[in-house]
Amino acid sequence: METKEFLVKKEDSKKRLDMFLMSKLENTSRNHIQNLIEKNQVLVDQKAVKCGFKLKENQKVVITLFDPIKTDLLPEKIPLDIVFEDDDLLVLNKAQGMVVHPASSVHSGTLVNALLGSIKNLSGINGELRPGIVHRLDKDTSGLMLVAKNDFAHKSLAKQISEKTCLRCYWALVCGNVKKDEGIIENYIGRSKKDRKKMDVLNDGEGRLAISTYKVLKRYSGYTLMEWVLKTGRTHQIRVHAKHIGHPIVCDPVYGSGEKFGHIGQLLHSKRIKFSHPRTLKTMEFETNLPSYFEDILKKLKPIS
């Protein structure tokens, strides 16, 4: 365990706590810092505060960093659908059903195991359990993901996501007929007070800010195909927002309304991603087709003209 202390100087007053720590800690992502703050591993004048807490001159910030958990992650020869690869990054098309990184109940068969079995170099910013992982997709969400091969690329990509300059576009089939052709949802998401395994929309200050925009792509009898764009990246964000507006994603086992179509797992696909290459600064844009099971279900529906 390691403890670091920082005294807030005049030039750092009024800064957000998470941004202040970003400037003090090397090779650490903002998302990792926010997780430390939420776990009360960061104290300001011996008190736990929120990520957006505005600092004052002469306050003392103390961060406790626990030793990384030793892991026995094994490289596995699992096929990867690589859309793009160079010396700095990968763009992957993740299959539905694949867990991104190991957890207490999952130790093999994950995307990380597959990466270790195929990719020589991966960034280490997110620790031993998540090498190369810049952002994640839920187990049953398919589609495009970014993977960093070094810390330079990781920090650049993570910053683009944080500053909302990285476009992440998803397609989802939801229940019911969405009345508005497009809209924006802005609220706060955190752990459900009724079920800690779920996320929920909470009151201001109780969760983390979550912003999604949506657009109707096609209407069917009883269903709507929608495009979602993430402005923030909270756990289960699109799934929670879809449920919040009364149109849960079809086949979602956690937030859905029971539709099965003989399929397990939400019909949510990371369709398009756009970002600036960390080294060349060239605009990179990639798009992938919907999975065959998604297309097959759409074919069963009756379009509304």
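5 Å is the cut-off here: which amide hydrogens, built 1.01 Å from N in the peptide plane, fall below it relative to Leu89, excluding neighbours closer than 5 in sequence?
The answer is Lys149.
Give me the angle, in degrees from 0 to 90, between the Cα long axis of helix 151-162 and the longest principal axis of the Cα atoms of the chain, rounded to the nearest 10.
Computed tilt is about 70 degrees.
Please label the shape of segment 161-305 as rounded, prolate or oblate, based on the square roots a ≥ b ≥ c of the eigenvalues of the alpha-carbon gyration tensor (a/c under 1.5 means rounded; beyond that, a/b larger than b/c means prolate, else oblate).
oblate
Using 0.36 nm times the number of residues separating Thr64 and Ser13, minus their current alpha carbon distance, what extension gain do you get?
Once the chain is fully extended between Thr64 and Ser13, it gains 16.2 nm.
For the chain, which longest stretch is free of loop sites, where a loop site is one of the chymotrypsin sites (Phe, Trp or Tyr not before Pro) that DSSP puts outside H, G, I, E and B and that has at most 14 other Cβ atoms within 10 Å?
Formally, the longest exposed-site-free interval is 67-260.
Please enumerate, by chain and number, the lysines with C-alpha under 17 Å from the C-alpha of Lys194, excluding those fewer than 8 residues away in the same chain.
Lys243
Using Cα positions and a limit of under 14 Å, work out the aspartates and glutamates in reach of Lys180, with same-chain residues fewer than 8 apart set aside.
The reachable aspartates and glutamates, counting only those whose Cα sits under 14 Å from Lys180, are Glu227.
Have a look at Val62, Gly222, Leu281 and report the one farthest towards the positive end of the charge dipole of the chain, computed about the Cα centre with Cβ charges (Lys/Arg +1, Asp/Glu -1).
Going by the Cα projections, it comes out as Gly222.
Here are a few candidate values for percent of Cα pairs over 35 Å apart: (1) 35; (2) 47; (3) 22. Which one was actually calculated from the structure I just gave you?
Matching the structure shown: (3).
Could you give the size of the charge dipole of segment 231-281 about its Cα centre, using +1 on the Cβ of each K and R and -1 on the Cβ of each D and E, expressed in debye and rounded to the nearest 20?
With only Lys, Arg, Asp and Glu charged at Cβ, the dipole is about 340 debye.
Which of Lys94/Lys179; Lys14/Lys164; Lys24/Lys50; Lys198/Lys299 have a Cα-Cα distance over 25 Å?
Lys94/Lys179; Lys198/Lys299
Read-outs throughout are calculated quantities, based only on the coordinates presented, and are distinct from any laboratory measurement. As the structure is a prediction and not an experimental result, all values here were calculated from the model. So basically every Cβ, Gly included, is an ideal-geometry build from the backbone, and we count neighbours across all protein chains shown.
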